[in-house]
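Below: the structure, in structure tokens.
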Amino acid sequence: MVALVIALALFFDFTNGFHDTANAMATPIATGAIKPKTAVALAAALNLVGAFLSTEVAKTVSGGIIREGSGGVQITPDIIFAGLMGAILWNMITWLKGLPSSSSHALFGGLIGAAIAGIGFHTVNLETLLQKVILPAVFAPVIAGLVAYVCTRIAYALTSRHDPETGSKLTQKRGGFRTGQIFTSSLVALAHGTNDAQKTMGIITLVLIAAGTQDPGSGPQLWVITACALAIAIGTYAGGWRIIRTMGAGLTEVKPAQGFAAESSTASAILASSHLGFALSTTQVASGSVIGSGMGRRGTTVRWGMVGRIALGWLFTLPAAGIVGALTALLVKTGVVGVVIAAVAGTAAVLYMFLVSRKSQVGHHNAVEVEEAGQAVRFAKKKALARARAAERARNNNPKGPQR
Amino acid sequence: MKWLELVTVAGATLIAAVTVVVLYSLGVRLTAIAGDRQVAAPVWVKYLSYICFGLCGVAVLFGLYLIIPYFSG
């Protein structure tokens, strides 16, 4: 059971990695600041480094949502197994749909569902749930969106230059923001590594302690840290191209200055939240930033239909992962046979979704069509600009592929 | 409810992001001015743009300092 949970936890880490590549790397890929493959490699390396940099044990994974310890319940490997199953399946489904959704929320949802089904409803601390999951989920995109909106406005206001006599536009060199994007997106990737790999380390350590192979109260062992860091890095390198497509091109078009503003907001929000004690989800912050920056740049439209789909996905994250977690917990309760059935069914579901994904491949080659219009603007050729705009409009009107 | 924390986080986010973006945008603008062909811009403009990028880099490094517990304890 312990080995199974560890394997599952590492797989969750992997899905977490490829689910969240988009947070850091979607906008630089969309503006052509970094080549897609280089971007995911960079993100993977930074996640790897980040996982090693911060080796504080993640505070108890459930973070008080499930009453544990004295007076509460003991989280068993069975519950964790069921919770992970729910989280992984939901991660796979949202990936298939190209929806950015929070991996931590999926994990919380899975654990909550598993605890309710496995032990009882009294295990869930509703107030903590509201405070740690639901409110941040509402405020994260709002804060990030507002900040990104302001930043985008500022970036464009500060760099817009007109000839005082003729009123025609002067060179603005906004391409310079591409270089900046490399740094801001790297910061986001690093912050992700320091946060998200920790969750899995926490889980594995919890299981090891529960199994009695590790002293209670001790930190994660080196092999656990290494395994988690590698799993998240490999996951990141695999690249969730579907989600990158959504974030980089599905929500709004992203231009370098705008992307820079969005990433700065994402990075600041994550850093501020993880240091001032109001944890916000990376995914939700990043999505909010992209939307906000899209609203901030004149001449851009935000595709609200896509925004609605993503919001709907967030709404379902907790209950959906919870239901899968609960079902798995019920199966596991029946004994060894149940565990085997759950494991086999889970593997089958993941394999099935992987096979479905093969039908419409989204890879580094076609995840985001880098906007050529940006080039046209730089050369300030009105005709080329108009042509590019027309092409863009045509492209927006005839969305290709099943993903948009 | 932790409303105070929420407001702090929102404020800190805004200040940090605006700082970085203002500095970088100024840098970009100054680079553009320095690169103008017709009007010969004074040399200091170019250096000022470097200073802006440099300060922006410092702001990012401070962010790094914050996320790496080894430094910030």
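The values are calculated or read from the model by the stated rules, or taken from the named source; none is laboratory data. Not measured: the values here are computed from a predicted model. Note that each Cβ is placed from the backbone with ideal geometry, even for glycine, and that neighbours are counted across all protein chains shown. The accessibility values were calculated without ligands, DNA or RNA, using every heavy atom of the protein model including side chains. Shrake-Rupley method; radii C 1.70, N 1.55, O 1.52, S 1.80 Å.
Some notes on this structure:
- The modelled label-to-label distance for the pair B:TRP44/A:THR347, using points 7 Å beyond Cα in the direction of Cβ, is 7.1 nm.
- Estimated distance in nm for a label pair at A:ILE209 and A:PHE354, the labels positioned 7 Å out from Cα along Cα-to-Cβ: 3.3
- Karplus-derived 3J(HN,Hα), 6.51/-1.76/1.60, for each residue of segment A:25-41, Hz, glycine and proline x: 9, 5, 6, x, 5, 5, 8, x, 5, 10, 5, x, 5, 4, 4, 5, 5
- Rg/Rh for segment A:2-371, where both radii come from Cα atoms and Rh is the Kirkwood radius: 1.01
- Phi-based couplings in Hz for segment A:130-143 (Karplus 6.51, -1.76, 1.60; Gly and Pro marked x): 4, 6, 8, 10, 6, 5, x, 5, 7, 7, 4, x, 5, 4
- Nearest-10 value in Å² for the accessible area of B:PHE53, using the 1.4 Å probe: 70
- Amide H to amide H distances under 5 Å link A:GLU253 with A:THR301, where only residues 5 or more positions off or on other chains count and H is placed in the peptide plane.
- Charge-dipole axis of segment A:2-371 as Lys and Arg at +1 and Asp and Glu at -1 on Cβ define it, positive-most pick from A:ASN23, A:THR252, A:THR347: A:THR252
- Stretching the chain fully between A:LYS37 and A:THR179 yields a gain of 49.4 nm (0.36 nm per residue, less the alpha carbon separation).
- For the segment A:179-187, counting C-beta atoms of other chains within 10 Å of every residue's C-beta and taking the mean gives 4.
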